[in-house]
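Read the structure below first, then the notes.
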Amino acid sequence: MTKTDEKIGASGGPLEAVVLAAGRGSRLFSVETLPKPVYAVEGRPLLARVVDGLQAAGVSTVHIVTGYGADAVRACPGVAREGLRINFIDNPRYDEPNGLSLLCARGQVAPRFLVSMSDHLFQHAAVARFAAGAPADGEYLAVDYDLAGIFDMDDATKVRTGEGGAIEAIGKDLSAFTAVDTGLFLLTPRVFDALEESVQAGDASLSGGIRRLAARGLMRAWDIGGGRWLDVDTPEASREAARLVRAGLISA
């Protein structure tokens, strides 16, 4: 690895994860008929595919933050399975930015935990490498430095990294950037204070909290390398996800 070491720190990896599954998914549907996490790619709901990857990485407890269509998300086929604890957390403010969804998990997660979006699909091996490289303490974001391979750069959250993988800036509108946010994080409870500060300052997005941590020198990038991933946010991305699943390039 050139941007950060393949091995971030102490081995063992996090055993808990938070999945943000509260949004409407309005860009994926022309008419809203079901919550986005329940939307199926090649016959399997997005949320079930995300949970597949987390379980394959050794996660034993998954906290799923619900909001829009919460009952349907709770009943999503393929999510509940033997050997995995699923804890649903409700976000009544699901129409607001996603930082509020993560804040709902405060007090319910372990001192070190993964965070994943409910609509980002990954190669299972990439998630496992990230979890296995977990540091004893610290915050990390899995990023993709292969800018030419990004499916939808216009919608991507950009990241500028510095020496040793330190995150210097993050946001959709960055004009100068070195990587793209994949939507997979390794965090500690420090993120909750950072999110609270960001919300009070008028930015309730998860990126707002990450910017606060980065300003304190606490956020670092982890290079996902050749691990394939995709943000399934539009009909075009859904078709690409189906192609990658059929080819065994993600969710496998």
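Using 0.36 nm times the number of residues separating residue 110 and residue 153, minus their current alpha carbon distance, what extension gain do you get? Don't skip to the answer; put the middle values down first.
Values: separation 43, 0.36 × 43 = 15.48 nm, distance 3.32 nm.
Contour length minus the Cα-Cα distance gives 12.2 nm.
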Theoretical gain in end-to-end length, residue 60 to residue 196 [0.36 nm per residue, Cα-Cα removed]: 46.2 nm
In nm, spacing of pseudo-spin labels at residue 95 and residue 247 (7 Å Cα→C-beta vector): 4.0
Pairwise FRET efficiency - residue 75 versus residue 163, Cβ, R0 = 45 Å, nearest 0.05: 0.45
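Which translational diffusion coefficient, to the nearest whole µm²/s, is obtained for the chain from the Stokes-Einstein equation, given a Kirkwood hydrodynamic radius over C-alpha pairs, 10 °C and 1.306 mPa s?
On the way: Rh = 17.9 Å.
Taking Rh from Cα pairs, D becomes 89 µm²/s.
Within 10 Å, count the other beta carbons around each residue, average over each peptide in 40-47, 204-211, and list them highest first. Walk me through the numbers before you get to the answer.
Details: 40-47: 19.1, 204-211: 22.9.
The densest-packed peptide leads the list: 204-211, 40-47.
All other residues with a Cβ under 15 Å from the Cβ of residue 63 taken together, and with Lys, Arg as +1 and Asp, Glu as -1, what is their net charge? Walk me through the numbers on the way to the answer.
Working: positive: 74, 85, 106, 112; negative: 16, 90.
Counting the neighbours of residue 63, the net charge comes to +2.
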Distance in nm between pseudo-label sites at residue 176 and residue 125 (7 Å out along the Cβ direction from Cα): 3.6
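Only bridges with both residues in the chain count here: give the DSSP antiparallel percent, nearest 5.
Details: 21 of 43 bridges.
In the chain, approximately 50 percent of DSSP beta bridges are antiparallel ones.
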Cα-based shape type of region 156-252, given that a ≥ b ≥ c are square roots of the gyration tensor eigenvalues and the cut on a/c is 1.5: prolate
Packing-based order for 218-225, 166-173, using average beta carbon neighbours within 10 Å, highest first: 218-225, 166-173
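Once the piece of chain linking residue 24 and residue 239 is laid out straight, how much longer is it, given 0.36 nm per residue of separation minus the C-alpha distance between them? Intermediate values should be presented prior to the final figure.
On the way: separation 215, 0.36 × 215 = 77.40 nm, distance 1.92 nm.
Stretched out fully, the residue 24 to residue 239 stretch lengthens by 75.5 nm.
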For the chain, accessible area per residue (1.4 Å probe, heavy atoms of protein chains only), Å²: 41
Using a Förster distance of 35 Å, the FRET efficiency for residue 87-residue 216 (Cβ separation, nearest 0.05): 0.75
Carbon and sulfur %, accessible surface of the chain computed with the full protein complex present, 1.4 Å: 48
Euclidean distance between Cα centres, region 34-68 to region 158-232, Å: 22
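The values are calculated or read from the model by the stated rules, or taken from the named source; none is laboratory data. Small disclaimer: the values here were computed from a predicted structure and weren't measured. Neighbour counts run over all protein chains shown; Cβ positions are idealised from the backbone, glycine included. What goes into the accessible areas is simple: the full protein's heavy atoms, side chains included, and nothing from ligands, DNA or RNA. Shrake-Rupley method; radii C 1.70, N 1.55, O 1.52, S 1.80 Å.
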